[in-house]
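Just below is one structure, and these are the notes that go with it.
Values quoted throughout were computed directly from the atomic coordinates according to the rules given, and no laboratory measurement underlies them. Since the structure is predicted, the reported quantities are computational estimates derived from the model, not experimental observations. Don't worry about glycine lacking a Cβ; one is built from the backbone with ideal geometry, like all the others, and counts go over all protein chains shown.
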Amino acid sequence: MNNNLIISKSCKITNNTIIVNDKLLFENNNVPYNVFIKNAYKKYINNYPKFFKMDNLSKLGIIAVELLSDEFKSIDGKEIGVVLVNSASSLDADQTFQKTIVKDNYFPSPSVFVYTLPNIVIGEICIKHKIYGESSFFVSQNFDSTFIYNIVCDLFSRQGINTAIVGWLDFIDNDYLASLCIIKKISQQNLNYNEMINFTIENLNKTINKDI
Amino acid sequence: MKKKVFISGIGIISSIGNNVIEVLNSLIHENSGIIYSEHLHSVYKNEIPVGEVRLTDEELKELLQLRNKLQNSRTTLLGMLAVSEALKNANILDINEFNTALISATTVGGMDKSELFYREFINNKTKGKLKYIYTHDCGESTEVIANHFKLKGFTTTISTACSSSANSIMFGARLIKNGLAERVIAGGTDALSLFTINGFNTLMILSHEHCRPFDETRNGLNIGEGAGYIVMESEDSIKKSGKQAIAELKGYGNACDAYHQTASSPDGYGAYLAMNKAIGNANILPNNIDYVNVHGTGTPNNDLSEGLALQNIFNNDVPYFSSTKSATGHTLGASGGIEAVISILAIQNKIIFPSLNFSQQMKELTICPTSNKVENIEIKNVLSNSFGFGGNNTSLIFSAV
Amino acid sequence: MDELIKNLKKEIIEALNLEDVKAEDIDTEAPLFNEGLGLDSIDALELIVLIEKKHGIKIQSADEGKQILYSVKTIAEFIIKNKK
């Protein structure tokens, strides 16, 4: 459908490791998630205290996008879109919130409730990086590369988007996976990309769904 | 590839009616569906008014003729009923005759049942009825609805807070425009739950009275429940079936407010961007819009943000606008779908439905919502806004055919 | 009063996930919102929950909360005044 779109960068975070473009960048074994992600924050961000108010899913998304942010730093925020998918929705935050509305310990927490929707992580990403383009969050069992490929192509061809953050972002019961990539429209001027991966269904599938 | 997207059917259930005719009658008679809950056993039962659907789960099952012993979440039951009506309304006898997809949206999913399990389970891990939790996932409602109607085509679930079902409609339209489906049933469903009532209450954005959207004295929203779905078809599909389209989805736009997780920007930037995109996408001008069905939740924050955005985009020449949430309550993930149906009813019946409980203009704005219904008025284009937490803002444009 | 203020600061840090902020860093009389710690509307709501949870006093509206939550000192004064 579109042959001027490429996958310019990818980031995978799981099992206490951070991998960018297939290279292991960061590892923090044998510590719980909250310690791992805090250390990643200290290494890659370190100046955004709002991070500590976020739920587990949002922290995961913020770190993953930070590692991809070079690819869109200079792009107009209205031209950047975000398309994310997961299967657990916001279940992790939902469970945390449920615990605050238990009969014998009834103190509903507003700061936790805020995160009981899966797309809030997109909100956090957009707030931090001043992204005003289109965003969507799909909940399904797997990452359907064909469906997402078509959604993204439409974004680029009709919706004034020239850069997109796309991928899978899931957190449940301390099991987590962030597998995101940047899709970009390229022009003649951008021929200095070393590893241009064409944006196709197959390549999107390989990038998001590949095993470590 | 400027394919048109037509609407051939609509289905709805809400606190003001269990189907299209009942909802239309309530809107015409300016009735409100906001009451103190009869089915939900919240500690706030007699304090916080809600837009509750008047049927119990059993009554919903009866209408659907569901004789199984399976536990269904209320969200799913509401969705099934509205989809059923939309399919009948669109004269669809064989759902798989053409390549048909279902894009459904929800935020509550099966939480209305899971929370019943959790109350017992948290205190004693041997207690709690497991049958309450297998309906929990958002995707479950979509799959059960698809299976109930024996749909073989593509299905997916969108969950983006209060813009969820508006986004379903937008994505459904894209499937058609890109030739990936000939028909799409799109919309959303959400049931009342203790989870959402407590959550919104702790954010202090619930009103303890009937909400007053766009009124100077507004003090919060009323949560509602319900489901709204539309059947969209490609031009070819409509021609092949010899049907009459009832409306056209002329344009849509989505943008991010990028301001706060739950509050809207003070100048309504995200709202402005979404409306602007939709109007551009429809290839019309702002002054071609005859009616805006606003998001209008009745919170101090939303109505100011949205009001300023309206003034901006229409250059202070704002068309008739009203918030039908004053009648139905804020149906969260279902609101985009429910209000899509209401927008189409406005076009079909040539009526601008009123914004209830309005009496005092907001001091920051130069505009007021329509507080009395306007009848016998030609409505060519309706703009319908759905703005969600996370800054996810969507605007849809429905047009007369 | 001093003991209450000291504990309040610790409670605030914990409730609001204020990483890397120590109790001694919080100025008792400085505004908590907009300047100072730069807390936002959700933090305000969370503080309202904190005051009910740890001190048993219920604040009914966001507006009422605004004045009470101005600084650590005003919160402490409110608690002392209303504690049963």
message = Helix-only mean residue ellipticity at 222 nm, chain B, DSSP H runs n ≥ 4 weighted -39,500 (n - 2.57), per residue, nearest 500. What is it?
response = -10000 deg cm²/dmol
task = For a quick protection proxy, order the peptides C:64-72, C:38-46 by their average other-Cβ count within 10 Å, most packed first.
result = C:38-46, C:64-72
query = By count of other Cβ within 10 Å, fewest leading, how are A:Leu67, C:Leu50 ordered?
reply = C:Leu50, A:Leu67
key: Calculated from backbone phi, Karplus (6.51, -1.76, 1.60) coupling profile of region A:37-52 in Hz, x at Gly/Pro   = 6, 5, 5, 5, 4, 4, 6, 9, 10, 6, 9, 9, x, 4, 3, 6
request  = Just rank B:Met362, B:Met80, fewest to most, by other beta-carbon atoms within 10 angstrom.
outcome  = B:Met362, B:Met80
request  = Tabulate in residue order the Karplus-calculated ³J(HN,Hα) for region B:245-253, using 6.51 cos²θ - 1.76 cosθ + 1.60 with θ = phi - 60°, rounded to whole Hz; enter x for Gly and Pro.
outcome  = 6, 9, 5, 10, 8, 7, x, 7, x
key: Highest-MSF residue in chain B out of B:Glu38, B:Glu97, B:Glu209 [GNM, Cα springs under 10 Å]   = B:Glu97
query = So which trypsin sites (Lys or Arg not before Pro) in region B:102-132 pass both tests, a DSSP loop state and at most 16 other Cβ atoms within 10 Å of the Cβ?
reply = B:Lys125, B:Lys127, B:Lys129
request  = Might you report the magnitude of the Cβ-based charge dipole of chain C about its Cα centre, with Lys and Arg at +1 and Asp and Glu at -1, to the nearest 20 debye?
outcome  = 560 debye
task = Among DSSP beta bridges lying fully in region B:5-241, give the percent that are antiparallel, nearest 5.
result = 65 percent
Surrounding net charge for A:Asn174, when Lys and Arg each add one and Asp and Glu each subtract one, Cβ distance under 14 Å = -4
task = Determine, for A:Val166, A:Val152, the number of other Cβ atoms within 10 Å of each Cβ, and report the residues in order from fewest to most.
result = A:Val152, A:Val166
task = At most 12 other Cβ atoms within 10 Å and a DSSP loop assignment: could you name the GluC sites (Glu not before Pro) in region B:334-401 that fit?
result = B:Glu364, B:Glu375, B:Glu378
Computed over chain B: relative contact order in percent, which uses C-alpha pairs under 8 Å that are six or more apart = 23 percent
ask   = Taking springs between alpha-carbon atoms closer than 10 angstrom, which of A:Ile75, A:Ile182, A:Ile172 fluctuates most in the Gaussian network model of chain A?
value = A:Ile75
inquiry  = Checking the cross-link filter: which lysines have an alpha carbon closer than 29 Å to that of B:Lys363, excluding same-chain neighbours under 8 positions apart?
reply    = B:Lys277, B:Lys325, B:Lys373, C:Lys66
key: Violating pairs (Cα-Cα greater than 20 angstrom) within the set A:Lys50/C:Lys22; A:Lys73/A:Lys184; B:Lys45/B:Lys113; B:Lys45/B:Lys131; B:Lys45/B:Lys125; C:Lys22/C:Lys73   = B:Lys45/B:Lys131; B:Lys45/B:Lys125
query = What value, in deg cm²/dmol to 500, does the helix sum -39500 (n - 2.57) over DSSP H runs of n ≥ 4 give at 222 nm once divided by the residues of chain A?
reply = -9500 deg cm²/dmol
query = Among A:Lys12/B:Lys4; B:Lys4/B:Lys152; A:Lys59/C:Lys58; B:Lys69/B:Lys177, which pairs are too far apart, with a Cα-Cα distance over 30 Å?
reply = A:Lys12/B:Lys4; A:Lys59/C:Lys58; B:Lys69/B:Lys177
note = To the nearest 20 debye, region A:5-209 has a Cα-centred charge dipole, built from +1 on Lys and Arg Cβ and -1 on Asp and Glu Cβ, of 560 debye
request  = Among B:Gly139, B:Asn91, B:Ala161, flag the residue with its Cα farthest along the positive direction of the charge dipole of region B:5-241, charges on Cβ as +1 for Lys/Arg and -1 for Asp/Glu.
outcome  = B:Gly139
message = If R₀ is 25 angstrom, what is the calculated FRET efficiency for the pair A:Gln95 and B:His41, using the beta carbon separation as r and rounding to 0.05?
response = 0.70
request  = For peptide C:32-45, compute the average count of partner chain beta-carbon atoms within 10 Å of each residue's beta-carbon.
outcome  = 3
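Please compute the net charge surrounding B:Arg212, taking Lys and Arg as +1 and Asp and Glu as -1 over other residues with Cβ under 15 Å from its Cβ. Before the final figure, lay out the partial values.
Working: positive: B:Arg218, B:Lys325, B:Lys363; negative: B:Glu30, B:Glu209, B:Asp215, B:Glu216, B:Asp303, B:Glu306.
With Lys, Arg at +1 and Asp, Glu at -1, the neighbours total -3.
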ask   = Considering only chain A, what is the antiparallel percent among its DSSP beta bridges, to the nearest 5?
value = 75 percent
request  = With a ≥ b ≥ c taken as the square roots of the eigenvalues of the C-alpha gyration tensor of region B:1-99, please select rounded if a/c is under 1.5 and otherwise prolate if a/b is larger than b/c or oblate if it is not?
outcome  = oblate
note = For A:102-111, B:222-231, B:261-270, A:129-138, ranked highest to lowest by mean beta-carbon neighbours within 10 Å, the order is B:222-231, A:129-138, B:261-270, A:102-111
remark   = With the charge dipole of region A:5-209 built from beta-carbon charges (+1 for Lys and Arg, -1 for Asp and Glu) about the Cα centre, the Cα from A:Leu169, A:Leu25, A:Thr200 projecting farthest to the positive end belongs to A:Leu25
ask   = Over region A:84-125, what is the mean sequence separation of C-alpha contacts under 8 Å (at least six apart), divided by residue count, expressed as relative contact order in percent?
value = 41 percent
Formal net charge of residues neighbouring C:Glu35 (Cβ-Cβ distance under 14 Å; K, R +1; D, E -1) = -4
note = Here the whole-number average of other chain Cβ atoms within 10 Å per Cβ of B:114-121 is 2
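Is the shape of the protein assembly as shown rounded, prolate or oblate, going by the alpha carbon gyration tensor and its root eigenvalues a ≥ b ≥ c, with a/c under 1.5 for rounded and a/b larger than b/c for prolate?
It comes out rounded by the Cα gyration axes.
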message = How many angstrom lie between the Cα centre of region B:274-326 and the Cα centre of region B:1-79?
response = 26 Å
request  = Treating only the Cβ atoms of Lys and Arg (+1) and Asp and Glu (-1) as charged, compute the dipole magnitude of chain B about its Cα centre; round to the nearest 20 debye.
outcome  = 1000 debye
query = Over chain A, what is the mean sequence separation of C-alpha contacts under 8 Å (at least six apart), divided by residue count, expressed as relative contact order in percent?
reply = 32 percent
query = Among B:Gly199, B:Ala105, B:Asn302, which residue has its Cα positioned farthest towards the positive end of the charge dipole of chain B, with +1 placed on the Cβ of Lys and Arg, -1 on the Cβ of Asp and Glu, and the dipole taken about the Cα centre?
reply = B:Ala105
Average partner coverage of A:86-94, which counts Cβ from other chains inside 10 Å = 4
request  = Could you list the residues of region B:183-217 with an amide nitrogen less than 20 Å from a label point located 7 Å from the Cα of B:Asn372 in the Cα-to-C-beta direction?
outcome  = B:213-216
query = Under a GNM of chain B (C-alpha, springs under 10 Å), which listed residue has the highest mean-square fluctuation: B:Thr217, B:Thr160, B:Thr189?
reply = B:Thr217
request  = Rounded, prolate or oblate: pick one for region C:2-82, where a ≥ b ≥ c are the square roots of the eigenvalues of its C-alpha gyration tensor, a/c under 1.5 means rounded, and failing that, prolate if a/b is larger than b/c, else oblate.
outcome  = rounded
ask   = Once amide H atoms are built 1.01 Å from N in the peptide plane, which residues 5 or more positions from B:Ala247, or in another chain, come under 5 Å H to H?
value = B:Ile7
ask   = Label point 7 Å out from B:Asp94 along Cα-to-Cβ: which residues of region B:152-185 have amide N under 14 Å?
value = B:152
key: Set of aspartates and glutamates near B:Lys250 by C-alpha distance (under 20 Å), chain-local residues within fewer than 8 positions excluded   = A:Glu134, A:Asp154, B:Glu182, B:Glu233, B:Glu235, B:Asp236, B:Asp290, B:Glu339, B:Glu378
